[in-house]
Amino acid sequence: MQCPLLYRFRVIDKLPEKPSEAATRGTLVHAVLERLFDDPAADRTAPRAKALIPGQWDRLLESKPELTELFEGDPDGERLAGWLGEAERLVERWFSLEDPTRLEPAEREMFVETELESGLRLRGVIDRVDVAPTGDVRIVDYKTGKAPRPEYAEGALFQMKFYALVVWRLKNVVPRRLQLVYLGSGDVLTYDPVPADLERVERKLLALWEAIRLATETGEWRPRPTKLCGWCDHRAVCPEFGGTPPVYPLSVRPPESVEAVQGRMEPARSEAGQPVALEGP
């Protein structure tokens with residue numbers, strides 16, 4: 001949804017991407033918040049959470065040795081110390097937004113998968129699922145960045161509505177609440193979905209998949225320049241920056257008219273008419 005050509009580079013060409021400090025810090029913070037719930041409720045304190053950070057960082061390095069590249073040329077460890085300090089501040093801020101001593105998640109890092117009637121298979125990993133004594137379900141996602149401006153909130157909620165759709169189709173239960181916890185700015189964004197919302201998301205996903213199918217068959221993957229291009233690892237092979245994409249690895253059929261392809265690849269839009277963009281993991 002952000003950029004069809006980027007989708008091609010990642011999913012079809014499988015071009016490598018350098019690890020980023022921001023994304024890796026997000027992974028680290030998520031791991032700490034997940035592991036904290038292994039402790040008894042009374043022990044889920046900010047000092048305890050921060051004490052988990054070094055061990056979780058070591059586990060992350062063990063599973064992904066390439067992350068050592070992030071702090072090459074840092075012999076004194078100053079950059080690493082500052083980076084870990086920022087992770088500590090994000091973890092500590094969480095305690096001003098939620099009280100883990102009063103939470104007993106039903107699921108953490110929950111893998112969900114379902115197949116729609118169309119045959120389209122959806123899958124994802126939900127950070128946390130809370131279930132109230134009444135049976136009401138709350139889906140919670142942690143974000144280590146800042147909350148979006150109100151006019152872009154719909155884009156942020158798309159991911160959560162995606163999860164809600166999968167849970168609905170999988171368990172026949174519409175989640176009572178979707179909750180985004182922004183540790184970077186200390187904001188909590190909530191939304192209470194209804195079946196009509198999730199049906200619209202399903203139609204949007206089917207249209208998106210049709211656009212992906214068409215682009216896959218024709219090889220017509222168009223770049224969509226935005227401010228996010230500055231963080232893209234693939235500018236050297238992007239025509240928007242004078243580059244040449246690698247040879248397309250799949251067989252193609254003659255494309256439809258340019259107008260038809262562009263029409264199908266138009267970005268999905270919210271009900272307010274704003275382009276919908278997914279935030280990276």
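Details
- Search result, residues across segment 166-185 that are among the charged types (D, E, K, R) and not in a helix (DSSP H, G or I): ARG176, ARG177
- Evaluation of LYS227 against (1) more than 17 Å from MET1 (Cα to Cα); (2) open to solvent by 40 Å² or more (accessible area, probe 1.4 Å) (one fails), failing number: (1)
- GLU154 being part of a helix (DSSP H, G or I), at pLDDT below 95 and either open to solvent by 40 Å² or more (accessible area, probe 1.4 Å) or more than 30 Å from ARG203 (Cβ to Cβ) (or both): yes
- If the condition is being polar (S, T, N, Q) and either modelled with pLDDT of 95 or more or within 18 Å of ARG93 (Cα to Cα) (or both), then segment 20-60 contributes THR24, THR27, THR45, GLN56.
- In this structure, GLU210 qualifies as touching a residue at least 12 places away in the same chain (Cβ under 8 Å) and either more than 28 Å from ALA22 (Cβ to Cβ) or open to solvent by 20 Å² or more (accessible area, probe 1.4 Å) (or both).
- Index of the failed condition, GLU240 passing every other in (1) in a helix (DSSP H, G or I); (2) at pLDDT below 95: (2)
- Among residues of segment 175-189 that are closer than 22 Å to VAL112 by Cα, those with a Cβ under 7 angstrom from a residue that is of a type in the set (Val, Ile, Thr) and not in a strand (DSSP E or B), sequence gap 6+ or separate chain, pair up as PRO175/VAL167.
- Segment 77-132, residues that are in contact with a Lys or Arg (Cβ under 8 Å, 6 or more places away or on another chain), among the aromatic types (Phe, Trp, Tyr) and open to solvent by less than 40 Å² (accessible area, probe 1.4 Å): TRP83
The values are calculated or read from the model by the stated rules, or taken from the named source; none is laboratory data. The structure presented is a predicted model; accordingly, all values stated were derived computationally and were not measured. Positions of Cβ are generated from backbone atoms using ideal geometry, with glycine treated the same way; all protein chains shown enter the neighbour counts. Protein only, heavy atoms only, side chains kept; ligands, DNA and RNA dropped before computing areas. Shrake-Rupley method; radii C 1.70, N 1.55, O 1.52, S 1.80 Å.
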